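S.K.: Mind having a look at this structure? Questions to follow.
The values are calculated or read from the model by the stated rules, or taken from the named source; none is laboratory data. In this text the structure is predicted, and so the values were computed from the model without any measurement. Here the Cβ is made from the backbone with ideal geometry for all residues, glycine too, and neighbour counts use every protein chain on show. Note: areas computed on protein heavy atoms with side chains; ligands, DNA, RNA excluded. Shrake-Rupley method; radii C 1.70, N 1.55, O 1.52, S 1.80 Å.
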Amino acid sequence: MRQKTGMIEVATERQGLVEITGAVERWVRESAIREGLLTLFCRHTSASLVIQENAAPAVRRDMEAYFARIAPEDPAAYEHDDEGPDDMPAHLRAALTGVQLAIPLIEGRLALGTWQGIYLFEHRRRPHRRSIALHLIGE
Amino acid sequence: MRQKTGMIEVATERQGLVEITGAVERWVRESAIREGLLTLFCRHTSASLVIQENAAPAVRRDMEAYFARIAPEDPAAYEHDDEGPDDMPAHLRAALTGVQLAIPLIEGRLALGTWQGIYLFEHRRRPHRRSIALHLIGE
Amino acid sequence: MRQKTGMIEVATERQGLVEITGAVERWVRESAIREGLLTLFCRHTSASLVIQENAAPAVRRDMEAYFARIAPEDPAAYEHDDEGPDDMPAHLRAALTGVQLAIPLIEGRLALGTWQGIYLFEHRRRPHRRSIALHLIGE
C-alpha cells in the first residue's frame, strides 16, 4: 500500500462553482495508484466542495441562486460582518455544503458517475486563492 | 494492510429514504477486514447518502417533508427543468445532504451509534437504479 | 502503513458548537503517524461535525442562530416529537451539516487552514455525552 499527499491551488474570480475535476484527475494519474481512496479537503471556511452535474450550466446557476436565497446577504440577519455582508453567509453556505469529499478509485478511475463533476464552491464576492489538500492511498 | 472496492446497486421506487445498512454490513463482512475505514460514494447528482435514525419511522417522514419544503418543486424558482419539476430540487437536496460517507470499522463492526442507520436518499419521483461505490481499507 | 482507531467523548451542556480541535490533535500526535488520513465520525443523529472559523465568536453565534431558523423548533411542523420540540429539528440540523469529516495529515500536521477549527455541533437543549469514533491511517 502506498500514499500520496499534496495541494491544489484554485484561483476564484467571483461567487460560484468552479469545476476542478480535470486538475484532480491529473494529480491522481501522476501517482500511478490505480485502486484506492482519494480525499479532498478545502482549507477555508468561506469556500466548500460539492459534487454536482457537469452537463447543464443552468444547474450551476440555479444552485448558486438557491444558496444565495437560503443563506442570504442580509446585514440585519447576522452579528458577524468583519469582512462585509458576504462574510457570514459564506460561512453558512460552506457549513451546508461541506469542505471535504472522499472518492473511491477503481481500476484507475475515480468512481464518479457519468454526470458528476467535482466543484469548488466559492462563497465570497472578491477573487481568492483557495487551497485544497489531497490525500490518496492505495496501490 | 488490505483494501477492497466494489459497488452496491439500490432500486428506488419513489422519493425518500431507503435503508442500506444491512447490504453495506454484508459487503464489509465478506472482506474479513476487522479494523479499518469504509467509504461510500453515491454516483448520482439527484440522490444522496445520509446517516439517520433507524428507529422511529416518523423521523424519516419528517425528513422527507422538510427537504421538500426547503428545496421545493417550484418551476418558477429554477431555470433548469430538463427532466421535470423534481429535477433541480433533487440536485439541491443532494448538495445539502452530500453524496459521500466514511465510517470507521472497529473490532469487526462499523462504528455506527445505536440509533444510526445508513440511508440512500432518493430525490427523484420516478423509480431509479442507484449505484454506490464502496472502498474498504484495513486489516 | 499503520492505522489507529479510537473514541473521543465530548460532554455538551447546551445547543451549540464545541471546539474539539485540541483533543483531536492530541489523539493524532500520540499515534506518531506523520503522513496520512484522519477520519472522524459522530455516532449520533442529533449532533454533527463541522469545520468552522475558530477566530470570531460571533461566527459561532450566527451559525447557531441560523440553523435554529432554517430547521426551527416548531411542534406544528413535525410529526416526530418523542423527546420534545428540539428532537426533530436536531435530526434535520445533523443531516444538513453531516456527521463525518476526513482530514489529510501532512508533515505531522492536520491540513486545517489557518482559520479552521473542528467542532461538535450539539443540536439538543439538554446536556449529553457524545461519542466520536476516530480512524487514522498512514505512516
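S.K.: Could you derive backbone 3J(HN,Hα) for the stretch C:81-92 from the dihedral phi with the Karplus parameters 6.51, -1.76 and 1.60 (θ = phi - 60°), listing whole Hz in sequence and x where the residue is Gly or Pro?
M.R.: Going residue by residue, I get 8, 3, 10, x, x, 8, 6, 5, x, 5, 4, 5 Hz, with x marking Gly and Pro.
S.K.: Hey, what did chain A get for relative contact order, percent, Cα under 8 Å, at least 6 apart?
M.R.: 55
S.K.: Counting only protein heavy atoms and a 1.4 Å probe, tell me what percentage of the stretch B:40-139's accessible area is made up of carbon and sulfur.
M.R.: 46
S.K.: Okay, next question. What is the distance, in nm, between label points placed 7 Å from the Cα along the Cα-to-Cβ direction at A:Ile8 and at A:Glu35?
M.R.: That separation, rounded to one decimal, is 2.4 nm.
S.K.: GNM on chain B, C-alpha springs below 10 Å: top fluctuator among B:Leu17, B:Leu96, B:Leu110?
M.R.: B:Leu96
S.K.: With a/c under 1.5 counting as rounded, go ahead and sort the protein assembly as shown into rounded, prolate or oblate using the C-alpha gyration tensor (a ≥ b ≥ c being the square roots of the eigenvalues; past the cut-off, prolate if a/b is larger than b/c, else oblate).
M.R.: Taking the square roots of the gyration eigenvalues as a ≥ b ≥ c, the protein assembly as shown is rounded.
S.K.: Follow-up. Out of the trypsin sites (Lys or Arg not before Pro) in the stretch C:21-53, which ones are loop residues according to DSSP with at most 14 other C-beta atoms within 10 Å?
M.R.: For trypsin sites (Lys or Arg not before Pro) across the stretch C:21-53 that sit outside H, G, I, E and B with at most 14 neighbouring Cβ atoms in 10 Å, the list reads C:Arg34.
S.K.: While we're on this one: So what's the net charge close to A:Ser131: Lys and Arg +1, Asp and Glu -1, counting the other residues with Cβ under 9 Å from its Cβ?
M.R.: In short, +2.
S.K.: A further question follows. Considering protein heavy atoms only and a 1.4 Å probe radius, which residues within the stretch A:35-55 exhibit an accessible-area decrease of no less than 20 Å² in the full assembly relative to the chain by itself?
M.R.: A:Glu35, A:Gly36, A:Leu37, A:Thr39, A:Phe41, A:Arg43, A:Thr45, A:Ile51, A:Gln52, A:Glu53
S.K.: Quick one: buried accessible area between B and A, total over both chains, 1.4 angstrom probe, nearest 100 Å²?
M.R.: 2600
S.K.: May I pose another question? I'd like the Karplus ³J(HN,Hα) series for the stretch C:103-119: coefficients 6.51, -1.76, 1.60, θ = phi - 60°, whole numbers in Hz, and an x wherever there's a Gly or Pro.
M.R.: Coupling constants for the stretch C:103-119: 10, x, 10, 10, 6, x, 10, 4, 7, 5, x, 3, 9, 8, x, 9, 10 Hz.
S.K.: Place the label 7 angstrom along Cα→C-beta at A:Ile8 and in each other copy, then list the distances from the first to the rest in nm, shortest first.
M.R.: 2.7, 2.7
S.K.: Per DSSP helix of 4 or more residues, -39500 (n - 2.57); summed, then divided by the residues of chain A. What does that give at 222 nm, rounded to the nearest 500? Provide the component values of the computation, followed by the final result.
M.R.: Values: 3 runs with 36 residues, N = 139.
Result for chain A: -8000 deg cm²/dmol, rounded to the nearest 500.
S.K.: Between A:Ile70 and the same site in the other copies, what are the distances in nm, shortest first, taking label points 7 Å from Cα along the C-beta direction?
M.R.: Result, one decimal in nm: 0.5, 0.5.
S.K.: Counting only heavy atoms of the protein chains, get the accessible area per residue of chain A (1.4 Å probe) and round it to a whole Å² value. Please list the in-between numbers first.
M.R.: On the way: 5460 Å² over 139 residues.
With the other protein chains kept in place, chain A gives 39 Å² per residue.
S.K.: Taking C:Gly22 in one copy and the same position in all the others, each labelled 7 Å out along Cα→Cβ, what are the pairwise distances from the first, in nm, shortest first?
M.R.: Here C:Gly22 shows inter-copy label distances of 4.6, 4.6 nm.
S.K.: Across the residues of C:87-94, average count of Cβ atoms on other protein chains within 10 Å?
M.R.: That average works out to 4.
S.K.: State the residue of chain A whose Cβ is nearest the axis carrying A onto C, and the distance in whole angstrom.
M.R.: A:Met1, 3
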